[in-house]
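**Student:** Pasting in a structure now, in structure tokens, and then I'll have a few things to ask.
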Amino acid sequence: MNVARTLVTIVVVCTALLGCKRENRYAPPPPPEVTVSHPLEQEVTTYLEFTGHTAALEAVDIRARVQGYLKSIHFTPGADVLKSQLLFEIEPELYAARLAQAKADLEGKQAQYRAAQAQYEITEAIFKRSAGSRTDLVQKGQQRDLAKAAMEMARATVDAAALDLSYTQIYAPIDGRIDRNRVDAGNLVGAGEPTLLASMVRDDPIYVYFTASERELLQYREFQRQHRTFTPAGKRNVAYLGLATDTGYPYVGEVDYASNRVDPDTGTVEARAIFPNPDRVMVPGLFARVRLPFLRERSLLVPEVAIGADQGGSYVLIVDDKNAVQYRRVQVGATVGEFSIVRDGVAAADSVIIKGQQRARPGTLVKPLREQSKPPELPAPNAPTPVPTPQDTPAPQPTSSPR
């Protein structure tokens, strides 16, 4: 009995020891799961955005060019007026009298000239018959020339008086919208300086002025040289405009001017776009947002959530063919929806980690779960720029780079 009990005890102890040995065996954890996707390759148009202000196509200050009392006003403030429409009238009586006086003086000078011309012709005929002296002929010729000069001066005085009289009636120089009258009827105008009476603008179409940095200018010129810009060299670039109350860029125009120099004080170059304004919604002086197509080319797109940043710049994490994580420095371009253009650092065949970056460390093994990224819905050129919401904010990314 004691021997049997001892054998049973030994068997139980050995079994317990063997079981303990199996339970303490180390089993390494499985590789963490991450979601990977290949970069998308497609043709994308990138845009540049600027701020500026609207300006009238034509703007004219209407001033009094002669002195006198303002007799009448012939327009409604703020109304549309046509070119050559009568706007103001300055009392014309004084200038009409001066014109009549100048015309009378001209008639007298013309009579003197005709008499001097006749005397010269008589003296010339006598001289040809050798009955008169050459001195008399020269004197009569001089008198005729002086009379002619006086007549021309009197004619110029008539023209000046007629011009002054015409200035008493002021007409619209352009088609456009007129401002309020700055001077009321009955006031003296034009005394000492040309008095501002009103101002006019033509705002259909309308200009928008904006500035671009010298870096943007140099990049655009370089891309033009490489034939990579949206608009070929020598052609006008399309432009899209949004006002302060617009959520997008509903107005379409074109760039028609760029300055021939960079302002050394600001490091910017002035440019201008022109937009149709048939309904006159836009008026000069408004704040404006301008969007210009920049590049159109095939690009690699990577989800924004896959791009991290550290002191060295932007990077992505790649899973190689051995399921090892690699740290890859990238050059990031513009944003297209929820994607970013990657200009350098990745290839179309690379497996980029788009989910689970916090579980991936460069050099470690992971279990990749492949996912096909949905192509971004490219916004229309005049669509609003999307504003990120809190749930769109990328998760924190690792900030350390491999040694």
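**Student:** Please compute the per residue accessible area over segment 136-221 with all protein chains in place, 1.4 Å probe, rounded to a whole number of Å². Display every interim value, and only then the final one.
**Tutor:** Values: 4730 Å² over 86 residues.
For segment 136-221, the per-residue accessible area is 55 Å².
**Student:** Which angle from 0 to 90°, rounded to the nearest 10, does the C-alpha axis of helix 134-166 make with the longest principal axis of the chain?
**Tutor:** Roughly 50 degrees between the two axes.
**Student:** Okay, which of segment 32-49 sit inside 19 Å, backbone N to the point 7 Å along the Cα-Cβ direction of residue 372?
**Tutor:** 35-43
**Student:** Here is a follow-up. Write down the radius of gyration of segment 146-233 and its Dmax, each obtained from C-alpha positions, in Å.
**Tutor:** 25.8, 74
**Student:** Return the carbon/sulfur percentage of the accessible area of segment 268-324, one whole number, probe 1.4 Å, all protein chains in place.
**Tutor:** Ligands and nucleic acids excluded, carbon and sulfur give 53 percent.
**Student:** Return the carbon/sulfur percentage of the accessible area of segment 188-251, one whole number, probe 1.4 Å, all protein chains in place.
**Tutor:** 50 percent
**Student:** Describe numerically, in nm with one decimal, the distance between label points set 7 Å from Cα along Cα→Cβ at residue 245 and at residue 135.
**Tutor:** Using points 7 Å along Cα→Cβ, the separation is 9.1 nm.
**Student:** When the convex hull of the Cα atoms of segment 259-372 is projected onto a plane and the area is averaged over all directions, what value comes out in nm²?
**Tutor:** In nm², the orientation-averaged hull projection of segment 259-372 is 12.4.
**Student:** Just need the relative contact order of the chain here, percent rounded to a whole number, with Cα pairs under 8 Å and 6+ apart.
**Tutor:** RCO, the chain: 26 percent.
**Student:** Helix 93-128 against the longest principal axis of the chain: what's the angle in degrees, Cα atoms only, rounded to the nearest 10?
**Tutor:** Approximately 60 degrees, to the nearest ten.
**Student:** Taking amide H atoms as placed 1.01 Å from N in the peptide plane, list the residues 5 or more away in sequence, or in a different chain, whose amide H sits under 5 Å from that of residue 63.
**Tutor:** 197
**Student:** Moving on. Starting from 0 in steps of 20 Å, tell me what percent of the Cα-Cα pairs of the chain lands in each bin.
**Tutor:** Calculated P(r), rounded to whole percents: 17, 26, 20, 16, 10, 6, 2, 1, 1, 0.
**Student:** Taking segment 57-152 on its own, what percent of its Cα-Cα pair distances exceed 24 Å? Mind dumping the intermediate values first?
**Tutor:** Details: 2545 of 4560 pairs.
When every Cα pair of segment 57-152 is considered, 56 percent fall beyond 24 Å.
**Student:** List the lysines whose Cα lies under 16 Å from the Cα of residue 140, skipping any in the same chain that are fewer than 8 positions away.
**Tutor:** Qualifying lysines at Cα under 16 Å: 128, 148.
**Student:** Can I ask one more? Among the lysines, select those whose C-alpha is under 25 Å from the C-alpha of residue 322, and discard any that sit fewer than 8 residues away in the same chain.
**Tutor:** List returned: 355, 367.
The values are calculated or read from the model by the stated rules, or taken from the named source; none is laboratory data. Remember, predicted model here, so these are calculated numbers, not experimental data. Note: ideal-geometry Cβ built from the backbone for every residue, glycine included; neighbour counts use all protein chains shown. Just the protein is used for accessible areas: all its heavy atoms, side chains included, with ligands, DNA and RNA removed. Shrake-Rupley method; radii C 1.70, N 1.55, O 1.52, S 1.80 Å.
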